[in-house]
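Reading through the C-alpha cells given below for one structure.
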Amino acid sequence: MSVRKFRIAALAALAAAVLPIASPGTAASAQAAPLRGVPSYQTWQDDVKKAVGPAIPWLSDRVGQGGRNLAIVLDIDNTALETYYHPGQADKPVRDVARWAHDHGVSVLFVTARTSSSSAERQLADAGYPVDAVCTRDHGESKGDGKERCRQELTEDGYTITANIGNRSTDFEGGSYEKAFKLPDYDGQLS
Ligand SMILES: [Mg+2]
C-alpha cells in the first residue's frame, strides 16, 4: 500500500471513530476493501504467531554465540504493522520480537518498499517499536532490488543481520542475512 493510500485509510478510520454515524457499513468501510483469499484477522494472527514463534529462541541462541552489532531486519507493511487489518497498529507478535531484540542489545532495523522514511519512523514509534534505522526504496527501484540494496548497505555499515522478518518473497531476495522468518502474504495479496 502506498503512503498516500495509507494516509487516506488512516483518515477514514479516524473519521469513522469521531463521527458517530450509525450505519451498518460504517465499520467495514473504514478498512481497506476486503481482498479475496485473505482470511480473518484471527487466522492471520495465528499464522503470524506460527511464523515468528521460533524467532526469539533463534535470537537467544544467536546472542549466546556472540557477535558484533547483531541486528534484525523487519518489513513494515503487514509485518511490523497491521497495514491491511488495522492500519498503523502494531502486529504484536512481531513487536514482541523487536522488543526482545532491543532489550538484548540487538539492533532493530526496518527495510521497506515505501519511499518515505519520515512517516514510517513516526508510525513505527507511535506503534511502540524500537527503531534503530529505516531504509527505504529509491524511486524506480524494484521492491526486491531496493530491499537487497538496503540489507547490503546496513551490512556495510557494520550490522550483522541475523534474522530477516517479512511477508513477501521480495523481502528475502538476495542475501545479507542469516535466517528468514516468512509471514503469510496469501498468494501475494498482502503487501
Ligand atoms: Mg509487507
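The values are calculated or read from the model by the stated rules, or taken from the named source; none is laboratory data. What you see is a predicted model, and the numbers here were worked out from it, not measured in a lab. When we count neighbours, we look across all protein chains shown, and the Cβ atoms used for this are built from the backbone with ideal geometry, even at glycine. Heavy atoms of the whole protein, side chains included, go into the accessibility calculation; ligands, DNA and RNA do not. Shrake-Rupley method; radii C 1.70, N 1.55, O 1.52, S 1.80 Å.
The lone criterion from (1) within 12 Å of the ligand (Cβ to nearest atom); (2) of a type in the set (Asp, Glu); (3) surrounded by fewer than 20 Cβ atoms within 10 Å (Cβ to Cβ) left unmet by Asp91 is number (3).
Against the list (1) closer than 26 Å to Ala33 by Cα; (2) touching a strand residue (DSSP E or B) at 6+ places or on another chain (Cβ under 6 Å), the condition Lys143 fails is (2). Anything in region 96-113 that is surrounded by fewer than 20 Cβ atoms within 10 Å (Cβ to Cβ) and either within 15 Å of the ligand (Cβ to nearest atom) or of a type in the set (Lys, Arg) (or both)? List them, or say none. Matches in region 96-113: Arg99 only. Checked against (1) open to solvent by 30 Å² or more (accessible area, probe 1.4 Å); (2) in contact (Cβ under 8 Å) with a residue 40 or more places away in the chain; (3) closer than 21 Å to Pro93 by Cβ, Ser116 passes all but condition (3).
Looking across region 75-88, the residues that are surrounded by 21 or more Cβ atoms within 10 Å (Cβ to Cβ) and either out of contact with any Asp or Glu (no Cβ under 9 Å at 6 or more places or on another chain) or over 19 Å from Tyr186 (Cα atoms) (or both) come down to Ile76, Asp77, Pro87.
Open to solvent by less than 40 Å² (accessible area, probe 1.4 Å), of a type in the set (Asp, Glu) and modelled with pLDDT of 95 or more - does that describe any residue in region 51-67? Scanning region 51-67 turns up no residue that is open to solvent by less than 40 Å² (accessible area, probe 1.4 Å), of a type in the set (Asp, Glu) and modelled with pLDDT of 95 or more.
When region 114-135 is filtered for residues that are within 15 Å of the ligand (Cβ to nearest atom) and either touching a Cys at 6+ places or on another chain (Cβ under 8 Å) or not assigned by TED's automatic domain parsing to the domain that holds Pro57 (or both), only Cys135 remains. Looking only at region 166-176, residues that are more than 8 Å from the ligand (Cβ to nearest atom) and out of contact with any helix residue (DSSP H, G or I) (no Cβ under 6 Å at 6 or more places or on another chain) come to 3 in all. Residues in region 51-70 that are in a strand (DSSP E or B) and out of contact with any helix residue (DSSP H, G or I) (no Cβ under 7 Å at 6 or more places or on another chain): 0 in all. None of Ser191, Ser142 is under 13 Å from the mean Cα position of the chain (by Cα), within 16 Å of the ligand (Cβ to nearest atom) and farther than 15 Å from Ala55 by Cβ except Ser191.
Of all the numbered requirements in (1) in contact (Cβ under 8 Å) with a residue 60 or more places away in the chain; (2) within 15 Å of the ligand (Cβ to nearest atom); (3) touching a helix residue (DSSP H, G or I) at 6+ places or on another chain (Cβ under 6 Å), Thr162 misses one, and that requirement is (2).
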